[in-house]
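J.: Below you will find the structure I want to go over with you.
The values are calculated or read from the model by the stated rules, or taken from the named source; none is laboratory data. All values reported here derive from a predicted model rather than from experimental measurement. Cβ sites come from the backbone with ideal geometry, for glycine too, and all protein chains shown count toward neighbours. These accessible areas exclude ligands, DNA and RNA; they are computed on the full protein's heavy atoms, side chains included. Shrake-Rupley method; radii C 1.70, N 1.55, O 1.52, S 1.80 Å.
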Amino acid sequence: MMTESNEFLCSPPKKTVRFGGTVTEVLSKYSQGNRTEFELLKHQLSDPEIKDAQIINWLREFRVSVNYLTSEYEQLVNIVLKLPWLKRSKEVVEEYLAFLGNLVSAQTVYLRPCLNMIVKNFVPARVIIREGDVYISDSEDEDEEDLVARFNTCHRALQMIVQYVPSAPRFLMPILVDRFPYIKKSSRSMECYIHNLLRITVYFPMLRLGILELIIEKLLKVDVSVSRQDIEDAEENAISSLKNISAPEETLFNMDEDEDPQQMSTNTTNELMAHPEAQRLDACLFLVLSYIKDICFQHGMFDLNTAKDLYKDLLAIFDKLILPTHACCHVQYVIFYLCSFKLGLAEAFLEHLWKKLQNPTNAPIIRQTAAGYMGSFLARAKFIPVVTIKACLDLLVNWLHGYIDNQDAGSRAFCDITFHGPFYAACQAVFYTLIFRHKQLLDGNLRKGLTYLQGLNFERVVMCQLNPLKICLPSVVNFFAAITRKYQLVFCYTIIERNNRQMIPIIRSSNGGDTAQPCSNPLDSFFPFDSCVLKRCKTLIDPIYQPWEEANVEELKGPHKPVKPGATPDDEDDFLKGDTPQNDSMVAEMTPGSLELYQRSPASSVGSPPHKFLQRPF
């Protein structure tokens, strides 16, 4: 007896309407010069109202005729590849996948078009909306489950094609590059595309380096297009606008007295970034960071071998793209985040930067940037232990002393950023590290910590003829001076006072003679691991990040008296009281986050802090 559960017996065959002969017959007639049925076939396949049953019948006939589908019939095959198969029934999807397999195995000339068709579906479909005489292109509002199923089918199709054509990944990579969404496209499109690219690396590991390089390159373009200050200003403006909008409503309809309007504004804006470029960067970079964690932790357990392989890929990309890129603010956190998983990875990264810095064959700007990364990483990575910080300081300071030894007797033993850029960058890395880590270096055993710092012989570094206090960022110099004065390591204010009375000359001879050009901060450097201002990424970075502590400023506050030229430490107040001397032209000015504020100079996204900022007292 027939049961209702028997779908095949209960459902009669679906009626289909078609014209002309089979595909094989149509192709045969076309080869003989009869194009009538061929054009009719193209018209039926292009019909937007084509039914599932019709698609299935055509696909079955195409599978039988794949041997005849040579390059002569490229136009017809392209029409078949444009069929909306992903949005059809499961039967259509399965039949279409079978057709793709037969086509690429019999006619490899269609491999690229097939791959291109699949990759094209890695972003949400776009629809054209007409408003009057204006046409607007936007992402289709697809159901999340349908979108996931569609992406799953695309990846299944790629893996199936590779089974038939093992060399397919080699042809896939250029297509992935060409189909990458324009960086001004919607955040959703870029997010979906990057998600699918990262997913490809799981089953095509040979493409991982190229795919990660492609993603990082695109994200860097977004990163450098929007400064940290622009992002912060946009967030402040968004919050202010919400407050202004909610204020009248609050006075007229204050139905819930317990509800805080400011908290409501914060809750409204706590998910998305106000700046569109920042939102795009936040969503995509968060995907990459999440991918890094998923790759390194298999079933909740850290896999060192997998992490090391990923580290090698990211380090190669860091050297090629991130390190030479000027003024990027956030993309470099991919290597920061990976290194937080294992101390060995962090130490390997520091060693890599150290080799970049001390290698004289590298370009000076690369050496300077490596020093900036090294100092910022040591200062900001909460997962770096004191023993590693000491080891890196030993390397850096010993290199500085060796550099001074080599220059003292030379003809270039004078203050000039042109000749000694890496030296000044290394000095700034040491100063910056000490500013953030001096508490940990002295914690536990003050006497032992002071003995260690005294052994670094900062006095020789700051008083050498190269005069690093004249070149390094004034904000870093002033805070370093305050800390070293507090612990009686070296007295810097006499040198600072002398430098302030002089304009900093940059000696150049490229024009046939020496010229002097005054510059307030010739060391155009930056701190790459300044605080992350992207909301979603912050949730991953903040737990492993060393923030600036208010106590660091409070310890160095206090009444000051002017520094007299030629004064000695004995003439000053008690160092251990934490007083920071204040002179006529320059004061020590550091507030929470002020090491990041140097980027707010209108002349450049990086460089020295604004002049007014430097004149602001505690």
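J.: Sort Thr433, Thr70 from largest to smallest accessible area, using a 1.4 Å probe on the heavy atoms of the protein chains. Display every interim value, and only then the final one.
T.: On the way: Thr433 0, Thr70 55 Å².
From most accessible down to least: Thr70, Thr433.
J.: Can you give the accessible area of Tyr182 in Å² (nearest 10), computed on protein heavy atoms with a 1.4 Å probe?
T.: For Tyr182, the solvent-accessible surface is approximately 140 Å².
J.: While we're on this one: What does the charge count near Pro113 come to, summing +1 for each Lys or Arg and -1 for each Asp or Glu among other residues with Cβ under 14 Å from its Cβ?
T.: Here the count lands on +2.
J.: Which whole-number value in Å² is the accessible area per residue of segment 154-195, probe 1.4 Å?
T.: Per-residue value: 48 Å².
J.: For Met463, Met173, give me the order by solvent-accessible area with a 1.4 Å probe, most accessible first, ignoring ligands, DNA and RNA.
T.: Working: Met463 100, Met173 35 Å².
The residues order as Met463, Met173, largest area first.
J.: How much solvent-accessible surface does His326 expose, in Å² to the nearest 10, with a 1.4 Å probe and all protein chains in place?
T.: Accessible area, nearest 10 Å²: 100 Å².
J.: Still on this structure, I have one more. Determine the order of Arg485, Arg536, Arg112 by accessible area, beginning with the largest, at a probe radius of 1.4 Å.
T.: Arg112, Arg536, Arg485
J.: Would you mind checking Lys312/Lys538; Lys120/Lys308; Lys382/Lys486; Lys312/Lys470 for any pair whose Cα atoms are more than 28 angstrom apart?
T.: Values: Lys312/Lys538 25 Å; Lys120/Lys308 33 Å; Lys382/Lys486 24 Å; Lys312/Lys470 38 Å.
Distance filter (> 28 Å) returns Lys120/Lys308; Lys312/Lys470.
J.: Is the shape of segment 377-504 best called rounded, prolate or oblate, per the rule: a/c under 1.5 gives rounded, else a/b larger than b/c gives prolate, else oblate, with a ≥ b ≥ c the square roots of the Cα gyration tensor eigenvalues?
T.: Working: a/c = 1.81, a/b = 1.53, b/c = 1.18.
Since a/c reaches 1.5 and a/b is larger than b/c, the shape of segment 377-504 is classed as prolate.
J.: Could you state how much accessible area Ser531 has, in square angstrom rounded to the nearest 10, with a 1.4 Å probe and all protein chains kept in place?
T.: 40 Å²
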